[in-house]
Amino acid sequence: MNTQTASRLGLILLLAPLLVWLTALLILPHVDMLLISLRERVAPQVYERSFANYTEFFIEPLYWRTFARTAIMSISATAITLLIAFPVSYYIAKMLRGRSKSFLFLLCLVPFWVSELVRTFGWMILLRESGVVSNVLQWAGLVDGPVEMLYNDAAIMVGLVYTSMLFMVVPLVSILDSLDDSLVEAGYDLGGNGFTVMRTIIIPHAMPGIVSGCIVVFMLTLGNYLTPILLGGKSSMWFTAQIYTQFITRFNWELGAAFGFLLLALSTIIVWTGLKLSRQTLSETMG
Amino acid sequence: MTRLDENNNEIDLECRDLRRTFGNFVAVDNVSFGVPKGDFFSILGPSGCGKTTILRMMAGFLEPTSGDIIIKGKSMLNVPPNKRPVNMVFQHLALFPMMSVAENIAYGLVRQGMNKSDTATKVKSALERIGLPGSGDKSIKQLSGGQQQRIAIARCLVLEPAALLLDEPLGALDLKLREHMKVELKKMQNQFGTTFIYITHDQSEALVMSNHVAVMNEGRFEQIGTPQELYYHPDTSFVAGFVGDSNRWHGKVDAIDGSVIRVSTSDGISLLSVPAGGEKLVVGDEVDIFVRPESIIIAHDEARAQEMDNRLSGNVVSVLFNGANSRALVRESKTGGELDVALPQTGEFSGLSAGQQVFLGWGKQQSKAFASVNSPTNKGHGG
Amino acid sequence: MIPSIPQPKSFRGLYGAYVLLFFVYLIAPLVVVGVFAFNDSMFPSLPWGGFTLDWFFNDTEPRLGLFHDGRLLDSIWTSFYIACWVTILSVSVGTSNAFLFERKTFPLKNVLYMLMLLPLVVPGVILGISILVFSSTIANWLDVNFGVDIGFLRPSKFLVILGQFSFITTITTLIIAARLRKFDTQLEEAAQSLGASKLVAIRTVTIPYLKPAIVGSAIVAFLMSFENFNTTLMLVGSDQPLTIAMYGRLREGSTPELNALSLLLMAVSGTLALLSVFVQRDKE
């Protein structure tokens with residue numbers, strides 16, 4: 001066997017698993033889901049092509065309100081995560097050296113290694129009426145009786161930000177770490193102050209990290225299911241829960257599939273806009 | 001079909017009309033040569049001349065477009081690298097970082113299916129021969145650059161190859177270690193008696209270590225010879241310019257008198273030279289003239305240079321002091337061209353300083369004229 | 001705002017306090033989960049009823065301990081089974097993908113690379129339903145045309161494995177490819193020059209070099225599978241993996257047994273996390 005046929009054979013053998021994976025588990029399922037979202041049941045076992053599922057989404061206020069609410073909450077959660085994570089990442093990347101730096105960085109990774117279910121459970125114990133925070137507040141005399149802090153938007157937000165934190169801190173720390181200290185020093189040396197150096201040197205340098213962090217956090221939040229349901233309870237109104245309801249509870253796969261595509265479209269549009277605004281590409285950000 | 005070279009040495013490794021193209025680019029252009037057993041053979045050339053391509057074809061990582069490679073009398077065409085009786089020492093050594101020193105040396109032996117105890121014995125003796133006994137359990141990173149070098153060579157030599165192919169293995173070392181390793185490599189080659197084929201762009205590596213050197217340029221061999229032959233009797237202007245330093249003029253043949261020619265240079269001086277390179281020169285031919293810095297006599301007074309065939313005078317531009325290798329850069333007074341002149345080691349010129357007038361002279365035998373190929377460059381100072 | 005530039009002491013103090021507060025926020029939920037595993041009370045909440053190990057070891061209702069709760073232990077086993085398969089599959093395919101993308105050139109390479117990244121941007125719930133929809137389509141088609149009912153194409157362990165595999169493979173591919181990119185191909189040539197065939201060179205040199213990434217990605221794949229919820233929720237059949245079982249219990253109202261379970265999970269994943277950090281750093 002000469003080298004050329006060997007290399008061709010190698011290519012085919014390596015290509016096969018990739019193609020099977022992508023075709024059978026990504027492309028075909030999504031195409032099938034698209035087809036199902038575009039049909040309407042007119043009688044048992046009889047279907048017709050139609051946009052009825054998509055029209056229903058716009059007609060029924062519950063659906064599009066949930067959709068809009070999910071989008072707005074996800075964007076807010078992303079923004080809050082960025083605001084909280086940036087100073088911490090900066091502290092780890094630039095203010096610390098050596099062991100304490102790697103220790104705190106590893107500490108940031110801890111929640112990632114713990115199941116989301118366990119993390120959310122922790123927040124339930126903290127926030128519920130008989131929970132730790134409520135008791136601490138009573139003990140401190142700040143409130144008179146037990147306070148229920150679960151099942152509202154703030155609780156959802158706390159949980160979402162918590163879950164997302166790691167995906168913001170890691171890209172931020174690594175990009176800030178790559179910023180040469182002397183650039184900051186030069187900024188001060190040439191007459192800048194803390195604010196101008198931050199605005200003109202540090203933030204522009206950190207932009208790719210900020211963008212990739214925001215994209216990942218946004219998508220994880222948008223597609224989250226556990227945190228809004230468990231911390232928000234009945235009032236959560238999260239779009240993935242709506243998809244679940246259509247699929248599993250109501251068995252209306254046509255509408256559920258349409259919802260799935262709407263969610264995909266939403267995340268694609270927002271991510272695309274974010275990339276355009278910051279002049280980045282997806283493979284740079286992800287790869 | 002054992003072949004012999006001119007001194008009746010057995011030819012171990014031979015390339016015949018070797019050619020390799022990449023698209024339209026001819027990397028190696030009909031190169032033929034034979035390397036006798038036990039030789040230290042260097043291929044010297046600037047980067048991009050095709051020397052790495054030749055080596056990779058010998059090792060089996062590239063197939064020749066045409067031509068043949070014969071090792072120990074067998075054609076190597078379509079023989080995969082692992083089945084060839086040659087081993088390669090890579091530019092960055094390519095020692096396996098996840099293996100110990102002993103595992104690195106044993107790697108090829110294990111591939112040959114040698115049993116454990118024989119392998120261990122061979123590894124142990126190899127480590128002793130390269131002066132690193134007891135280092136077998138160390139990791140590669142614990143060794144210095146020079147030690148790693150020796151391991152990379154020992155790893156190949158335990159396999160007793162027909163030839164060892166070395167791809168600029170000293171390139172990554174710092175200057176001081178490089179000087180040391182030159183001597184060391186030569187010693188190892190003597191000790192093991194293996195044929196070395198060494199490629200480099202560094203002429204001093206090639207000259208110091210080799211028995212034979214091939215100077216390569218643009219895919220072709222310009223000249224094959226001993227280091228002395230290349231230095232004192234270059235066949236082509238490329239060799240004259242590439243091996244060692246030279247002062248260089250471009251000019252036209254004015255007159256021919258037996259074996260001596262008179263050349264008027266493009267910057268307007270007249271020089272007596274001997275034709276080199278074997279081409280027949282006629283009046284009016286364009287030529288390049290090469291003069292080594294150490295062939296030029298330098299004097300404070302005109303009389304000393306008087307008896308020389310070629311005489312010039314000028315002012316010192318600067319003194320490049322470097323111990324025994326000190327040079328002076330002299331601006332020729334008539335043309336303004338600059339010359340590189342070696343300073344004699346007698347101390348006579350220790351007080352030389354910029355601006356002083358000096359007289360220069362050299363014999364016609366020291367100025368070699370080559371028919372110009374296509375190099376209209378007119379540099380006063382080459383090398 | 002770096003240590004070499006002087007800042008007011010008050011600023012430094014405030015900044016430090018903020019970072020400290022952040023880490024309290026990060027650690028607090030995990031600490032309470034762990035602590036209440038030892039609460040001698042029917043509820044994982046205050047008041048503190050004293051220290052007990054019942055939630056791990058007690059063998060009678062109503063205070064059934066974790067190690068005697070058959071249903072939970074079954075679900076741990078199910079999760080383990082799924083995670084093992086997902087790990088084997090995603091690491092194998094990920095290794096193959098890494099070689100493909102790092103070593104080969106072929107038409108549409110960039111398009112395939114983008115497609116390969118896609119699972120990172122598709123929400124897990126949607127990955128789950130798309131696979132559910134597609135496998136049901138196939139199952140229905142087989143049922144109608146051939147009258148065979150393939151059980152594993154309906155929600156089942158098999159589908160959960162496929163669903164998790166579909167996005168975890170992207171992660172393993174990225175981890176292994178990143179390491180392969182740093183590999184000096186001269187090492188493979190050196191092995192060949194020393195008498196190894198191409199395949200032997202890959203087996204004896206390249207794969208050992210990739211080992212930290214392979215082990216690391218296997219650990220990540222195992223944990224991601226074990227802890228996955230969103231995709232699993234859509235594909236789960238009668239055998240409930242741990243996350244699904246735990247979710248059910250959480251909604252019913254929980255006992256400290258769940259804290260005990262969470263603590264166990266934290267201990268296991270903490271160990272695996274340390275192991276992966278260790279493996280990836282040691283061989284660097």
Next item on the list: Could you please give the count of residues in the stretch B:74-97 that are basic (Lys, Arg) and in contact with a strand residue (DSSP E or B) (Cβ under 9 Å, 6 or more places away or on another chain)?
Entry: 1
Next item on the list: Select from the stretch B:202-235 the residues that are free of Cβ contacts under 8 Å to residues at least 24 places away in the same chain and in contact with a Leu (Cβ under 7 Å, 6 or more places away or on another chain) and write down the one among them that is nearest to B:Leu175 (Cα to Cα).
Entry: B:Pro227
Check: Of all the residues that make up the stretch C:69-84, how many are under 12 Å from the mean Cα position of the chain (by Cα) and surrounded by fewer than 20 Cβ atoms within 10 Å (Cβ to Cβ)?
Finding: 2
Check: What strands (runs of 3 or more DSSP E) completely inside the stretch B:151-239 contain at least 3 residues that are among the aromatic types (Phe, Trp, Tyr) and open to solvent by 10 Å² or more (accessible area, probe 1.4 Å)?
Finding: none
Next item on the list: Could you list all residues from the stretch A:116-133 that are open to solvent by less than 10 Å² (accessible area, probe 1.4 Å) and at the interface with chain C (Cβ under 7 Å from one of its Cβ atoms)?
Entry: A:Leu117, A:Val118, A:Phe121, A:Gly122, A:Ile125, A:Gly131
Check: Looking at the stretch C:128-161, which of its residues are in contact (Cβ under 8 Å) with a residue 40 or more places away in the chain, touching a Leu at 6+ places or on another chain (Cβ under 8 Å), part of a helix (DSSP H, G or I) and within 12 Å of chain A (Cβ to nearest Cβ)?
Finding: C:Gly128, C:Ile131, C:Leu132, C:Leu159, C:Ile161
Note to self: Of all residues being more than 10 Å from chain A (Cβ to nearest Cβ) and in contact with a helix residue (DSSP H, G or I) (Cβ under 6 Å, 6 or more places away or on another chain) in the stretch C:259-284, which is farthest from B:Met99 (Cα to Cα)? Just the residue, please.
What the structure shows: C:Ala260
Check: Which one of these does B:Asn78 not meet: (1) of a type outside the set (Ser, Thr, Tyr); (2) more than 7 Å from every other protein chain (Cβ to nearest Cβ); (3) open to solvent by 40 Å² or more (accessible area, probe 1.4 Å)?
Finding: (2)
Notebook entry, point to check: Pick from A:Leu183, A:Leu142, A:Leu160, A:Leu176: which is in contact with a Leu (Cβ under 9 Å, 6 or more places away or on another chain) and not hydroxyl-bearing (Ser, Thr, Tyr)?
Noted result: A:Leu160
Next item on the list: Could you identify the single residue in A:Arg41, A:Arg65, A:Arg8 that is out of contact with any Cys (no Cβ under 6 Å at 6 or more places or on another chain), in a helix (DSSP H, G or I) and touching a residue at least 24 places away in the same chain (Cβ under 8 Å)?
Entry: A:Arg65
Item checked: the stretch B:341-362, subset in a strand (DSSP E or B) and not small (Gly, Ala, Ser), residue most open to solvent (accessible area, probe 1.4 Å) -> B:Gln357
Item checked: Checking B:Val89 against (1) among the hydrophobic types (A, V, I, L, M, F, W, C); (2) in contact with an Asp or Glu (Cβ under 8 Å, 6 or more places away or on another chain); (3) closer than 23 Å to C:Ala201 by Cβ; (4) not in a strand (DSSP E or B), the condition it does not meet -> (4)
Next item on the list: For the stretch B:41-66, enumerate the residues that are open to solvent by 30 Å² or more (accessible area, probe 1.4 Å) and either within 13 Å of another protein chain (Cβ to nearest Cβ) or touching a helix residue (DSSP H, G or I) at 6+ places or on another chain (Cβ under 9 Å) (or both).
Entry: B:Pro46, B:Thr52, B:Arg56, B:Phe61, B:Leu62, B:Glu63
Check: For A:Thr70, are the conditions met, namely being of a type outside the set (A, V, I, L, M, F, W, C), within 12 Å of chain C (Cβ to nearest Cβ), open to solvent by less than 30 Å² (accessible area, probe 1.4 Å) and within 21 Å of A:Pro208 (Cβ to Cβ)?
Finding: no
Notebook entry, point to check: Going by the conditions given, is B:Glu128 among the acidic types (Asp, Glu), surrounded by fewer than 21 Cβ atoms within 10 Å (Cβ to Cβ), in the same structural domain as B:Ile199 (by TED's automatic domain parsing) and assigned to a helix (DSSP H, G or I)?
Noted result: yes
Check: If you go through the stretch C:227-258, how many residues are within 18 Å of A:Arg119 (Cβ to Cβ), facing another protein chain (nearest Cβ under 8 Å) and open to solvent by less than 30 Å² (accessible area, probe 1.4 Å)?
Finding: 9
Item checked: Residue check, B:Arg262 touching a residue at least 40 places away in the same chain (Cβ under 8 Å) and outside the structural domain of B:Lys72 (by TED's automatic domain parsing) -> no
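The values are calculated or read from the model by the stated rules, or taken from the named source; none is laboratory data. Since the structure is predicted, the reported quantities are computational estimates derived from the model, not experimental observations. All Cβ positions, glycine included, derive from the backbone under ideal geometry; neighbour counts span all protein chains shown. These area figures cover heavy atoms from the full protein model, side chains too; ligands, DNA and RNA do not enter into them. Shrake-Rupley method; radii C 1.70, N 1.55, O 1.52, S 1.80 Å.
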